[in-house]
Amino acid sequence: MIYTENDEYKVKFFVDPVNGENPVLVYLESATLKDRAKILKYIEFLRTHNGVLDEPYTKHIRGKIRELRVDFSSNRHRIFFFTFINKNIILLHAFLKKTAKTPDTEINKAEANYLKVLKDKKTYA
């Protein structure tokens, strides 16, 4: 596909096809107003930079999955995402990081959601 300069990246939230849950949206709704504002600002920053930000804003996790790193006060918010076909940034999973190392359980949730996206490409393309 040929893109023009007017084509912009879009942010899409993963929605679980089994239960209809949107894990990133649920996480955002649970955050304080100030934290939510900062997280949304970083998501917009990611979008306007075509899904590509270097450290300290993002970090490679595994495969195509990266994490958006939003540190605010003592809170360390992490949102797993990947860039997808047709200039889409898919937000997979979010959590509040409390340890030095990203927990494997959180990475596994993001990977499971990633695989669900790949099985249902039409929804996210």
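When 37, 100, 94 are screened for being part of a helix (DSSP H, G or I) and aliphatic (A, V, I, L, M), only 37 passes.
Residues in segment 24-42: is at least one within 19 Å of residue 113 (Cα to Cα) and at pLDDT below 95? No - not one qualifying residue is present in segment 24-42. Residues in segment 23-43 that are loosely packed, with under 15 Cβ neighbours inside 10 Å and free of Cβ contacts under 8 Å to residues at least 24 places away in the same chain: 25, 26, 29, 30, 32, 33, 37, 40, 41. Residue pairs whose Cβ atoms lie under 6 Å apart, separated by 6 or more positions or on different chains, with the first residue in segment 73-101 and touching a residue at least 60 places away in the same chain (Cβ under 8 Å) and the second small (Gly, Ala, Ser) and not in a strand (DSSP E or B), are 83/51; 86/125; 89/51; 92/110; 93/110. Contact map, segment 55-72: first residue within 16 Å of residue 106 (Cβ to Cβ), second residue of a type in the set (Asp, Glu) and assigned to a strand (DSSP E or B), Cβ cut-off under 9 Å, separation 6 or more or different chains; pairs are 58/67; 59/67; 60/67; 61/67. Could you grab me the full set of residues in segment 67-120 that are charged (D, E, K, R), surrounded by fewer than 13 Cβ atoms within 10 Å (Cβ to Cβ), at pLDDT below 95 and over 20 Å from residue 21 (Cβ atoms)? Residues satisfying the conditions are 98, 101.
The values are calculated or read from the model by the stated rules, or taken from the named source; none is laboratory data. Since the structure is predicted, the reported quantities are computational estimates derived from the model, not experimental observations. Here the Cβ is made from the backbone with ideal geometry for all residues, glycine too, and neighbour counts use every protein chain on show.
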